[in-house]
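Below you'll find the structure, written out as C-alpha cells, and then a few comments.
Taken together, the values in this text are just the output of simple stated rules run on the coordinates, not laboratory data. Since this is a predicted model, take the numbers as computed values, not measurements. So basically every Cβ, Gly included, is an ideal-geometry build from the backbone, and we count neighbours across all protein chains shown.
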C-alpha cells in the first residue's frame with residue numbers, strides 16, 4: 001500500500017495540515033516541524049501526487065530571512081568586501097525562494113521596528129571583526145541570540161550560531177608560499193590592526209608557511225596604546241594612512257631590507273603601493289607586495305597591478321545561505337558549524 005500524507009504526519013508527530021504546508025514550502029511552519037516532516041518523508045520514501053504540488057526541497061522556500069549588518073556604521077557597510085558578500089547572500093536567498101529583510105542595526109542597544117522574532121525565520125549576519133564589541137549585551141543582540149543564525153565572513157568575538165568565511169590562515173599561507181617560490185628570503189609583514197580577528201589568522205598563516213619555506217619575517221605592528229584601541233559601536237572605517245606609512249618606513253629601514261611586503265587586506269596594500277612609489281621604490285621591481293581579499297574596486301587603478309589572495313566572497317555568501325538552510329533542517333540542538341572557503345592566488349605585477 002502506498003504511503004499517504006497521513007502516514008507522514010503520524011511519523012513526524014504533527015497534523016496533516018502541517019505536513020501539507022511544509023511540502024508546499026509555505027510559511028508559518030516552524031524549523032523543528034519542517035525538520036521532522038523532511039525526515040519522515042525520507043524514512044517513508046513518500047512521493048506526493050503531482051496534483052498535490054512539488055515537494056519543497058529547500059527549507060528556505062517561503063521563509064523570511066533577515067540579512068543583518070550589526071554594529072557597523074553605514075560607511076563601513078559600503079566597503080567593497082562587505083557589499084560583495086551581502087549581495088551574494090541576498091542573491092542566494094532570493095534564488096532559494098526566501099523573502100529577504102535587510103536590517104541595519106548600528107546600535108545594539110536600539111531595536112529597529114522591523115526586528116521582531118515572529119517575523120524572522122533565520123538570520124545571516126555581518127559584523128566588523130575588531131575587538132570584543134559584540135560581547136556587550138544590548139536589546140537588539142538579546143533579540144537576535146537564539147535565532148537560527150549564520151555569520152558571513154566569519155564569527156566575531158562574542159558572536160553566536162554558525163559561520164561561513166574564508167580560510168584566512170590558508171590565505172596567509174598561500175601568500176608566503178608564493179613569495180618563497182619567487183625566491184624571496186627576507187620579507188616584512190605589516191599589520192596596522194593587530195586586534196582584527198581575520199588579520200590575526202592571516203598573520204598566523206603567513207608566519208607558519210614562512211617558517212616551513214625558510215623565510216625570515218619581520219613583523220611590524222603599531223606600538224601600544226594604538227594596538228589596543230577601544231572600539232565603540234557603530235564601528236566606522238579607520239584610515240590608517242599615517243600608521244601604515246610609519247610601519248612601511250620602519251620595514252624599509254631594517255637591514256637587510258626586505259625584498260617583499262605582505263599586508264592582510266587590499267585597502268592597506270593600496271596605501272603601501274602609493275607610499276612605495278612616493279619613496280622612489282617600484283612595487284614588484286624593487287619591493288614585492290602581496291595582500292588579501294581581491295577587491296578590484298579598490299585596486300583596479302594600481303600600476304603595477306596588485307598580487308592578492310582572492311578569499312572568494314561570492315562563494316562565502318553562497319555557503320552562508322547553505323548553512324542557514326541546514327540549520328533550519330536540523331534544528332538548534334546540533335553543534336554550531338564553522339565552514340571555510342579555500343583561497344586562490346591572483347597574480348599581478350607587484351610580485
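Before moving on, here are some points about what is shown:
- Contact order normalised by residue count of the stretch 168-310, Cα under 8 Å, 6+ apart, percent: 26 percent
- In the chain, helical runs assigned H by DSSP with n ≥ 4 each contribute -39500 (n - 2.57); averaged across all residues and rounded to the nearest 500, the mean residue ellipticity at 222 nm is -11500 deg cm²/dmol.
- FRET efficiency estimate (nearest 0.05) - Cβ-Cβ, residue 32 to residue 3, R0 25 angstrom: 0.70
- Rg(Cα)/(2.2 N^0.38 Å) for the stretch 168-310, N = residue count: 0.98
- The gain in end-to-end length when the residue 15 to residue 211 segment is fully stretched comes to 64.4 nm, 0.36 nm per residue minus the alpha carbon separation.
- Computed from the alpha carbon positions, the gyration tensor of the stretch 291-335 leads to an equivalent ellipsoid with semi-axes of 36, 9, 6 Å, biggest first.
- The ranking of 262, 206, 199 from fewest to most other beta carbons within 10 Å of each one's beta carbon is 199, 206, 262.
- Difference of contour (0.36 nm per residue) and Cα-Cα distance, residue 181 to residue 47: 42.7 nm
- Estimated FRET transfer efficiency (residue 94, residue 242; beta-carbon r; R0 35 Å; 0.05): 0.25
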